[in-house]
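Peer 1: Let me begin by handing over the structure; questions about it come next.
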Protein chains: 2
Amino acid sequence: MKSQISTDLNPDISRPKVGIVGGLGRMGRWFAKFFQGAGLPVLISDLQTELRPEDLARQCQIIIMSLPMEVFPKEVAKLGPMIPENSFMTDICSLKQSQVSCMLEYARCEVVGTHPLFGPAEDSLKGKRVALCPGRGKRWFTWWEELLRKHGAVTSVVSPEEHDRTMAWTQALNHFILLCLGKAMDDHGIDPKQIMALATPSFEQQMEIVARLYHQDPELYATIQMSNPYTQSVLETFSQHGENLRKIVKERDRAAFIKLFEEVQNLGHAVLLLKNFM
Amino acid sequence: MKSQISTDLNPDISRPKVGIVGGLGRMGRWFAKFFQGAGLPVLISDLQTELRPEDLARQCQIIIMSLPMEVFPKEVAKLGPMIPENSFMTDICSLKQSQVSCMLEYARCEVVGTHPLFGPAEDSLKGKRVALCPGRGKRWFTWWEELLRKHGAVTSVVSPEEHDRTMAWTQALNHFILLCLGKAMDDHGIDPKQIMALATPSFEQQMEIVARLYHQDPELYATIQMSNPYTQSVLETFSQHGENLRKIVKERDRAAFIKLFEEVQNLGHAVLLLKNFM
């Protein structure tokens, strides 16, 4: 019913054709499969395909830019002007501020910034979070959000700035912590088998998160870490708190430690309450 | 059958009586329930009980010291000499070096250092890790390890020094990271609801670990952080790696970032392989 409503809004696009630029990449293939599963025809272009991005711009109503962030601006600058005004362009980059600006600058069509908050190893959208940053136009935005939700995604609408500010914590700082922990263990020659034999449930979970990095793309993680304008200050904040806590520990200032611990417990409690409602 | 074997080794203790010093604390109560479930008679002493530790020393063959680490040495010094030579004394402290030394110094009986690597919220021993540090004697050590294993525990035998060195990573550093992350978020006024709406699976898991702190005892965590002689150097190592990585990110040194990332991926891979065998 919901998708009925949205196609009513766009009577000319009851079964729009989807073009995925970078469709042979891992996320590109993921979305190709997703759209095919949703019953939409899909064309893809990539370095090795005969179809060029400009073919997709001509033949498709929906253009998904699934490209490494390094080449993204150049490709959008080239392709954007070729996309008809009543078409839809979105990206799936991990950052959104400069990406949405770039699409708005070079394309006249409707634009949404999309950040699927999961990797290509996931089977389906069910329960997966997707951040949506409105760019230009409402019709395709509504269509896109409804399609994602219909397939189980939990969408959050945020401004590109708010998105990138949040990612400095949820991605950049989180990866930073995991990398520092893993690198420190590695440099100390710590034997994973030995340490896991003495792992608390909390540390075991921490190592599971470190282990997840094994499936990830180092190039993407480098860009996430280096291209977000808010990362530096978050990393500095974390390091500053590290210095403060090291001082508290060194001076055996139990009162200060317990005060800090209880503050973090309050945050933890808020997270637990949220989980119960999720 | 196994427990048959061990009681054969100790014909005088086919059904030994267990005395828990500090038996009204959360872990004390957990172990009281455990031993009762194992069919052993249990006596407890605590600040509010009529039974005194010295009553337990006289009446029980097994003495479990379930006390805060701050008062542990004083209590062991008092009680140790009263425990008969053919009895068994163990503790459940989160650190083992000074604790095992202390028990060996003041008691003549058999001694084992025990660290249950889980909290009092767990239903049973099944699949839970327990570190055992042999102190003095083999008969009770065998009895104790077999009892724990029979009830599903995964025991690891380590020296007290190796135990504490490992805990500087699995407990002290892990807690340090969680506290710095939580405190930084709190100070930045980050709304848990908003950030969780944009959480990746990795960050969500990280916040679940932070949330676990809600159930923990700040006093115990202060002691774990401040009393382990190996903690300072591990925290310094982690901070040093933080400085290095911040520099790599600031200078946008992709090659260095990717090299580091791949090193941590190798560690992650080793952890994944272990998990598959666990």
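The values are calculated or read from the model by the stated rules, or taken from the named source; none is laboratory data. Here the structure is a predicted model, which is why all the values come from computation and not from measurement. Heads up, the Cβs are rebuilt from the backbone with ideal geometry, glycines too, and the neighbour counts pull from every protein chain shown.
Peer 1: In region B:81-120, which residues are small (Gly, Ala, Ser) and out of contact with any strand residue (DSSP E or B) (no Cβ under 7 Å at 6 or more places or on another chain)?
Peer 2: Selection gives B:SER98, B:SER101, B:GLY119.
Peer 1: Moving to a separate point now. Looking at (1) under 26 Å from B:GLY119 (Cα atoms); (2) crowded, with 21+ Cβ neighbours inside 10 Å; (3) without any contact (Cβ under 8 Å) to a residue 24 or more places away in the chain, can you tell me which one B:MET226 breaks?
Peer 2: B:MET226 satisfies all of (1) under 26 Å from B:GLY119 (Cα atoms); (2) crowded, with 21+ Cβ neighbours inside 10 Å; (3) without any contact (Cβ under 8 Å) to a residue 24 or more places away in the chain except (2).
Peer 1: Just checking, how many residues over region A:195-231 are in contact with a strand residue (DSSP E or B) (Cβ under 9 Å, 6 or more places away or on another chain) and more than 7 Å from every other protein chain (Cβ to nearest Cβ)?
Peer 2: Result for region A:195-231: 1.
Peer 1: Quick one: in region B:105-115, which of the residues that are in contact with a Gly (Cβ under 7 Å, 6 or more places away or on another chain) and over 23 Å from B:THR231 (Cβ atoms) is surrounded by the fewest Cβ atoms within 10 Å (Cβ to Cβ)?
Peer 2: Taking the candidates together, the pick is B:TYR106.
Peer 1: With respect to A:PHE238, determine if the residue is under 20 Å from A:LYS183 (Cα atoms), aromatic (Phe, Trp, Tyr) and in the same structural domain as A:MET196 (by TED's automatic domain parsing).
Peer 2: yes
Peer 1: Restricting to region B:126-140, name every residue that is away from every other protein chain (no Cβ under 11 Å) and surrounded by fewer than 21 Cβ atoms within 10 Å (Cβ to Cβ).
Peer 2: B:LYS126, B:PRO134, B:ARG136, B:GLY137, B:LYS138, B:ARG139
Peer 1: So B:ILE258 fits all but one of (1) more than 28 Å from the chain's Cα centre (by Cα); (2) surrounded by 21 or more Cβ atoms within 10 Å (Cβ to Cβ); what number is the exception?
Peer 2: B:ILE258 satisfies all of (1) more than 28 Å from the chain's Cα centre (by Cα); (2) surrounded by 21 or more Cβ atoms within 10 Å (Cβ to Cβ) except (2).
Peer 1: Same structure again: Looking at A:ALA211, A:ALA222, A:ALA172, A:ALA184, which is the one that is closer than 21 Å to B:PHE203 by Cα, small (Gly, Ala, Ser), in contact with a Gly (Cβ under 7 Å, 6 or more places away or on another chain) and not assigned by TED's automatic domain parsing to the domain that holds A:PRO73?
Peer 2: Unique residue meeting the criteria: A:ALA211.
Peer 1: When you check A:SER94 against the structure, is it within 13 Å of chain B (Cβ to nearest Cβ) and either acidic (Asp, Glu) or surrounded by 18 or more Cβ atoms within 10 Å (Cβ to Cβ) (or both), yes or no?
Peer 2: Here the answer is yes, as A:SER94 does meet what is asked.
Peer 1: Filter region A:232-255 down to the residues that are under 30 Å from B:ALA255 (Cα atoms) and within 7 Å of another protein chain (Cβ to nearest Cβ), then identify the one that is surrounded by the fewest Cβ atoms within 10 Å (Cβ to Cβ).
Peer 2: My answer is A:GLN232.
Peer 1: Identify all residues within region B:166-177 that are more than 7 Å from chain A (Cβ to nearest Cβ) and without any contact (Cβ under 8 Å) to a residue 60 or more places away in the chain; write none if there are none.
Peer 2: Across region B:166-177, the qualifying residue is only B:HIS175.
Peer 1: Determine, yes or no, whether B:THR155 is part of a helix (DSSP H, G or I), hydroxyl-bearing (Ser, Thr, Tyr) and at negative phi.
Peer 2: So B:THR155 does not fit the description; no.
Peer 1: Return a yes/no flag: does region B:257-267 have any residue that is within 7 Å of chain A (Cβ to nearest Cβ), of a type outside the set (S, T, N, Q) and outside any helix (DSSP H, G or I). Give the derivation first.
Peer 2: Looking only at region B:257-267, we keep the residues that are within 7 Å of chain A (Cβ to nearest Cβ), and these are B:257-258, B:260-265, B:267.
Still in the list and also of a type outside the set (S, T, N, Q): B:257-258, B:260-264, B:267.
Checking which are outside any helix (DSSP H, G or I) leaves us with none.
No, region B:257-267 contains no residue that is within 7 Å of chain A (Cβ to nearest Cβ), of a type outside the set (S, T, N, Q) and outside any helix (DSSP H, G or I).
Peer 1: Moving on. Considering only region A:36-68, how many residues are surrounded by fewer than 19 Cβ atoms within 10 Å (Cβ to Cβ) and either touching a Lys or Arg at 6+ places or on another chain (Cβ under 6 Å) or of a type outside the set (Ser, Thr, Tyr) (or both)?
Peer 2: Final tally of qualifying residues: 18.
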